[in-house]
Structure formats: C-alpha cells, structure tokens
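The values are calculated or read from the model by the stated rules, or taken from the named source; none is laboratory data. It should be emphasised that the depicted structure is a prediction, and the values quoted were computed from it without experimental measurement. Cβ placement follows ideal geometry from the backbone for every residue including glycine, while neighbour counts extend to all protein chains displayed.
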Amino acid sequence: MVVTVIGIGADGWEGLPHASRHEIASCEVLMGSARQLDLVPGAFERVPWPSPLVPALPGLLERYEGRRVGVLASGDPMFHGIGTTLVRLLGASRVRVVPHPSSVSLACARLGWALDDVDVVSLVGKPAALLVPHLHPGRRVLVLGGNPREVAALAPDARLTVLEQLGGPGERVHHSLDDADPLHVLAVECGADGASLTPGRPDDLYEHDGQLTKREVRAVTLSLLAPRPGELLWDVGAGAGSIAVEWCRTHPSCRAIAVEQHPERAARITRNATTLGVPGISVVVGASPGVLDLEVLDLEAPDAVFIGGGLTAEGVVERCWDALKPGGRLVANAVTLESEAVLTRWHARLGGDLTRIEVSRATAIGGFTGWRPQMPVTIWAVIKENV
C-alpha cells in the first residue's frame, strides 16, 4: 500500500495544479481534516481525521489496505505536516508526496523576507515558551500555530504581523492581535532584547536556593559535555537545572532529563526551563542511583551525563557510566574533599581529564574593590571510548 499525500492551500481546488488534481481524482479514499475535505470535489470516500490523530493512524490505514488512499495536507506535507508523520510510520517507500507552497513560503513572499534568513517555530500543540531561544536582536521569526497575545507577551519589543488564510480568497495581513483567524502565520520582527545561546548565562536568571553551577564553571562544564544536535543529556543531582537548560538551549533538538531528589528543587527546574525557553526538559524526582534505572523508568540511554550532586552516594558513577552510550561524555563536578576523592578514584580507573577551577569576582570592600574567591571546583571529564 502506497499512500499519496497531496498538499493543498487555502484557495482549495482552484489553486491546485493539474498534477495534484489528477492525484486527488484517482483516489478511492481521501483522508484529511473536515475543512480540507470540503475544499475538493469528487465521489471518493471521505474520511475526516479522528482526534487524537497519531495513535489512530495505524488502525485507520489498515482498515483501507488495498485501496487507493490519498491524504490532504496543508501546504507542503513535509514541512511540519502529516507527510513526515506518515513517513515515520510507513517508511519513505510507501509514501508519495505531492507538495504545495507552504504557509511559510507564502508568508515570506508577502513580507518580502528571504526564506533562508528566517527562523520558523511551530507552536502547534506546544507551549509558547519554545519561542524564547529564537528571540534575538534584529532576527525575523515565523510562528506557526501561536497565540498572538502569548507571543507578544514573550517579545514585548517585537513588531508582530498576522498573515491569515494565505493564498485563499479570505487572505488578510494585519497587526490586530485580537482579531486573528485560526488559520494564520505570525511574523515576528525582534527588537533589541534577546538572550545569547552561549553557555554561561548570568546566575541571576535562575531561580535557585544556592544549589547552582555558577556561570564560569557552567560554561566550562558545557564545553566538556559538548552538546550536539539531537543528543540527550542526563543532569544528575540537577539542583536548579542550569546545566540541562543551557544544554537544551544550544540547539532546538537537544534534549535533557534532569534528576533531582528534592521535590521543591525539581519544581524550580521546571520553572527555570519554561522561563528560559526549553520547557521540554523532563524532570525525574528521586534519589540516585536508584532512580537511574533504564528499565524501571523507561529512561533513554544518554549521549552525555553530568553529575552535579550526589557523587558520594554509592553506585551513582557506576550507574551513569553503564547507561552512557559508546562515545558518550561523562562530566562530574566536585566541591568537597569527599566528592573530589571520588573523582580521583574514578580518574585513576577510567582515565579522562581532571581540571580544577578557581574563580574570584570583584566585590565592594568598604569604599574599595577587592577579589572575593568562590569555592574551587574539580571537574572530571571522560569519554566512554577511552576505556
């Protein structure tokens, strides 16, 4: 069974080229949203999408096995569309895609923006906080499925444009945030505000109770963890979650699981992640190493592990090392003699690098300025391939 996915715009049948019309006309069964199905003529069996869609897809496709099945998709099916979902489910060889201009292409055409110089963020079924890492001075962002008022609250100095019903007879481009059609794209021209994606964000951006990897040490730690797109981090003994947050901010596809035994700190991690634009961080509440069980908690094996707390608990390093993927990086920080001794033993056993960092910050001393030292931090970094 090969499923044909046909892109269609807000202008419906009239806006389709001959090839797309031919594909639709040859279908026995046509699936899509009720709105999309109403856009096309034909005597085929029409199947509106159930809700929720993704869990129902395997059974739905199995029901129509052996028949010529077509699927309608908004714009380009392979751009945040049903086409990518079907390819994941069936494989590329069983999905044929007939694309149409995407809403992003149409929006850039209307605005005069270069498509290759625009960030695109989909907020369809997702929290608006995901937009935060994309808000940089002078940048242009197109938001799919976002609530205009929520976006405006995140970017108060930005210029927002609503582009609705693009390509259809009801197309409208305006700046009224309270009068947006549900089928719209939101264009964001960022102002002067915005935060760097470089690790080592200011400490006062985090809500914490003192259990925070300070910015200078955090920057070094992230450089040793070396995040790459799509990778997963375990942040063990996460405290305020700053390592997990800054790991995820390096690339939208980076993921993290923060492990923290204190419920109040775990709640802070969630708030910090949301405030700083990476609300997808998963927080596991429990004591290590017991909570770090791949089978019991169905945890995914990590590409990198950071141990910021709980080093002296028996079995923590072993469990993290065993779970780590081949080629993965493990980094652990110690501030006490006892935790430093643990790192020294593991360094002797597995190798890697030991580094000691001492940072002093200038502070007021009466009417003068002097250096106030912070606690020195010992960092052990090792790659699993080294063993």
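Side notes on the structure shown:
- Verdict on residue 323 being modelled with pLDDT under 95 and either surrounded by 15 or more Cβ atoms within 10 Å (Cβ to Cβ) or closer than 16 Å to residue 307 by Cα (or both): yes
- Filtered by the rule that a residue be surrounded by fewer than 20 Cβ atoms within 10 Å (Cβ to Cβ) and not in a helix (DSSP H, G or I), region 101-111 gives a lone residue, 101.
- The set of residues in region 247-267 that are over 19 Å from the mean Cα position of the chain (by Cα), charged (D, E, K, R) and in a helix (DSSP H, G or I) comprises 264, 265.
- Flag: residue 43 does not match the condition of being under 21 Å from residue 79 (Cβ atoms), at pLDDT below 95 and either surrounded by 14 or more Cβ atoms within 10 Å (Cβ to Cβ) or not assigned by TED's automatic domain parsing to the domain that holds residue 168 (or both).
- Matching option when the condition is more than 21 Å from residue 244 (Cβ to Cβ) and either touching a residue at least 24 places away in the same chain (Cβ under 8 Å) or not assigned by TED's automatic domain parsing to the domain that holds residue 285 (or both), among 358, 340: 340
- Screening the candidates 21, 96, 110 for the property of being modelled with pLDDT of 95 or more and over 29 Å from residue 172 (Cα atoms) yields one hit, 96.
- Strands (runs of 3 or more DSSP E) within region 148-218 that include 2 or more residues outside the structural domain of residue 14 (by TED's automatic domain parsing) and either at pLDDT below 95 or under 25 Å from the mean Cα position of the chain (by Cα) (or both): 159-164, 184-189
- Residue within region 284-299 that is modelled with pLDDT of 95 or more and part of a loop (DSSP other than H, G, I, E, B) present: no
- Meets criteria (part of a helix (DSSP H, G or I) and acidic (Asp, Glu)) for residue 385: yes
- Considered as a group, the residues in region 240-273 that are of a type in the set (Ser, Thr, Tyr) and either surrounded by fewer than 18 Cβ atoms within 10 Å (Cβ to Cβ) or not assigned by TED's automatic domain parsing to the domain that holds residue 305 (or both) include one that is farthest from residue 225 (Cα to Cα), and that residue is 270.
- Subset of region 284-307 [within 29 Å of residue 340 (Cα to Cα) and either surrounded by fewer than 21 Cβ atoms within 10 Å (Cβ to Cβ) or assigned by TED's automatic domain parsing to the domain that holds residue 120 (or both)]: 284, 285, 286, 287, 289, 290, 291, 293, 294, 299, 300, 301
Residue by residue, here is whether (1) at negative phi; (2) assigned to a loop (DSSP other than H, G, I, E, B); (3) under 21 Å from the mean Cα position of the chain (by Cα); (4) outside the structural domain of residue 172 (by TED's automatic domain parsing) holds:
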{"position": "88", "(1), (2), (3), (4)": "yes, no, yes, yes"}
{"position": "93", "(1), (2), (3), (4)": "yes, no, no, yes"}
{"position": "113", "(1), (2), (3), (4)": "yes, yes, no, no"}
{"position": "116", "(1), (2), (3), (4)": "yes, no, yes, no"}
{"position": "120", "(1), (2), (3), (4)": "yes, no, yes, no"}
{"position": "124", "(1), (2), (3), (4)": "yes, yes, yes, no"}
{"position": "130", "(1), (2), (3), (4)": "yes, no, yes, no"}
{"position": "133", "(1), (2), (3), (4)": "yes, no, yes, no"}
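- The requirement of being basic (Lys, Arg), surrounded by fewer than 23 Cβ atoms within 10 Å (Cβ to Cβ), in a helix (DSSP H, G or I) and assigned by TED's automatic domain parsing to the domain that holds residue 333 is not satisfied by residue 228.
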